[in-house]
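Asker: I have a structure I would like to understand better, so I am pasting it below and will then ask my questions one at a time.
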Amino acid sequence: MILIDGKKTSTEIQEKLARETAEFSNSVGKPPHLAAILVGNSGPSETYVAAKMETCRKVGFKSSLIRFETDIKEEELLLEIDRLNADPDLHGFIVQLPLPNHISVEKVIERIDPRKDVDGFHPLNMGKMAKNQPSFASATPWGIMRLIEAYGIETAGKHVVILGRSQIVGLPLALLLSRNSNPGNATVTICHSRTQNLTEITRQADILIAAIGIPEFVKAEMVKPGAIVIDVGINRIPDESKKSGFRLIGDVDFQQVSPLCSAITPVPGGVGPMTIAALMENTLMAARQQSGLS
Ligand code: GUN
């Protein structure tokens with residue numbers, strides 16, 4: 001069984017990005033600049049955004065963290081997005097999700113200038129990705145594609161089963177894996193909460209991807225022996241033995257499933273670090289485009 005090391009692959013991508021960023025900054029006279037908007041202070045979002053800002057520092061980007069209280073009005077957030085869209089010093093920005101219920105995620109995403117939408121969530125970027133045109137692909141799916149590529153995992157003609165149809169993981173990942181490219185050319189099945197005979201379907205998967213946000217949902221009997229399993233879940237479970245008071249587990253029951261697989265991603269250290277590497281790649285691409293370098 002191969003343990004797919006997302007942390008190592010992400011570090012390699014970051015090292016390459018750091019060299020390319022130094023070249024960019026030398027020729028343009030300023031570094032790529034990524035901003036993140038964080039509404040409220042939920043633990044997981046704080047952690048993710050802090051990791052994104054720290055990676056900016058490592059690769060040589062400028063970063064800005066813009067914080068708002070949970071009760072910010074939707075209109076105020078939209079005006080901040082207008083401000084960031086118009087800021088010539090800023091190449092890309094993200095609005096960390098989830099947002100409080102009184103704010104429309106769709107309105108927020110659609111307000112972002114697609115040229116600065118380095119999360120790849122804007123309908124224009126999603127549409128371009130579906131049509132296999134150059135675009136910002138959303139960070140988690142793109143990170144998974146980079147991981148598949150780095151490990152030389154064959155996807156052409158394989159049956160990929162994705163658990164979860166979210167706009168930010170399952171749906172875009174299905175598009176990327178089924179398109180005519182390498183990695184790609186897979187036969188993709190998306191399963192969701194209404195899927196019947198789930199185990200029958202998951203047992204057909206050559207590559208099983210779990211992105212449903214239910215801790216240890218995937219059990220041994222759901223996996224075909226020899227399958228490759230990619231676990232996108234990052235679930236916090238209370239654990240008094242940890243200083244933080246919690247530990248992270250995936251959507252896959254790792255203990256049960258890992259002995260069956262030919263390869264599997266761990267949690268943490270699998271898909272998570274790749275999401276951040278992909279976001280950095282998108283940001284450098286945005287900076288180059290806005291500086292007339294590509
Ligand atoms: N929340 C969970 N994943 C993501 C992501 O990739 N981008 C943003 N903006 N929010 C998220």
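Since every read-out is calculated from the coordinates, none of them should be taken as a lab result. Not measured: the values here are computed from a predicted model. All Cβ positions, even for glycine, are placed from backbone atoms using ideal geometry, and neighbour counts span all protein chains on display.
Asker: Which order do the peptides 135-141, 68-74, 181-187 come out in when sorted by mean C-beta neighbours inside 10 angstrom, highest first? Could you put the intermediate results ahead of the total?
Answerer: Numbers: 135-141: 26.3, 68-74: 13.0, 181-187: 16.7.
Ranked from most to least packed, the peptides come out as 135-141, 181-187, 68-74.
Asker: Could you give the length gained on full extension between K131 and S294, defined as 0.36 nm per residue of separation minus the Cα-Cα distance, in nm?
Answerer: On the way: separation 163, 0.36 × 163 = 58.68 nm, distance 2.03 nm.
That works out to 56.7 nm of additional length.
Asker: What nm distance separates the two modelled labels at Q204 and I237, each placed 7 Å from Cα along Cα→Cβ?
Answerer: Output for this residue pair reads 3.1 nm.
Asker: Taking Cα atoms, how many degrees apart are the long axis of helix 6-28 and the longest axis of the chain, rounded to 10 and kept between 0 and 90?
Answerer: It works out to around 20 degrees.
Asker: Cross-link candidates for K30: which aspartates and glutamates have Cα within less than 18 Å, leaving aside residues fewer than 8 places away along the same chain?
Answerer: Qualifying aspartates and glutamates at Cα under 18 Å: E20, D87, D89, E281.
Asker: Further question on the same structure: Give me the three principal axis extents of region 155-294 from the C-alpha atoms, as integers in angstrom, largest value leading.
Answerer: For region 155-294, the Cα spread along each principal axis is 52, 44, 29 Å.
Asker: Here's a follow-up. Just how many % of Cα pairs in the chain lie over 35 Å apart, if you round to the nearest whole percent?
Answerer: Working: 7698 of 43071 pairs.
So the pairs more than 35 Å apart make up 18 percent of the total in the chain.
Asker: Further question on the same structure: Quick one: if the Förster radius is 22 Å, what FRET efficiency do R19 and D89 give, using the C-beta to C-beta distance and rounding to 0.05? The partial results should precede the final answer.
Answerer: Numbers: r = 23 Å, r/R0 = 1.05.
Efficiency for this residue pair is about 0.45.
Asker: Let me ask something additional. So what is the 222 nm mean residue ellipticity for the chain from helices alone, if each DSSP H run of at least 4 adds -39500 (n - 2.57) and you divide by all residues, rounding to the nearest 500 deg cm²/dmol? Before the final figure, lay out each step's value.
Answerer: On the way: 10 runs with 118 residues, N = 294.
That comes out to -12500 deg cm²/dmol.
Asker: Which percentage, to the nearest 5, of the DSSP beta bridges contained in region 177-294 is antiparallel? Don't jump to the answer; show the numbers that get you there.
Answerer: Details: 4 of 11 bridges.
Antiparallel bridges: around 35 percent, rounded to the nearest 5.
Asker: Taking every DSSP beta bridge that has both residues in the chain, what percent is antiparallel when rounded to the nearest 5? Before the final figure, lay out the partial values.
Answerer: Numbers: 4 of 34 bridges.
Antiparallel bridges: around 10 percent, rounded to the nearest 5.
Asker: With an 8 Å cut-off on Cα pairs and a minimum separation of 6 or more residues, tell me the relative contact order of region 184-294 in percent.
Answerer: That works out to 23 percent.
Asker: Given a cut-off of under 8 Å on Cα pairs at least six residues apart, what relative contact order in percent is computed for the chain?
Answerer: Result for the chain is 21 percent.
Asker: Another question about this same structure. Given the peptides 107-115, 81-89, arrange them by the average over their residues of other C-beta atoms within 10 Å, most packed first. Could you put the intermediate results ahead of the total?
Answerer: On the way: 107-115: 18.2, 81-89: 12.9.
The peptides rank, most packed first, as 107-115, 81-89.
Asker: Ok, one more. So which lysines can K224 reach, going by Cα to Cα under 22 Å and dropping same-chain residues fewer than 8 places off?
Answerer: K158
Asker: Given points 7 Å out from each Cα along the Cα-Cβ axis, report the N26 to T195 separation in nanometres with one decimal.
Answerer: Distance between the two pseudo-spin positions: 4.8 nm.
Asker: Right, next: Would you calculate the separation in nanometres between label points at A220 and S262, each defined as 7 Å from the Cα along the Cα-to-beta-carbon direction?
Answerer: 2.1
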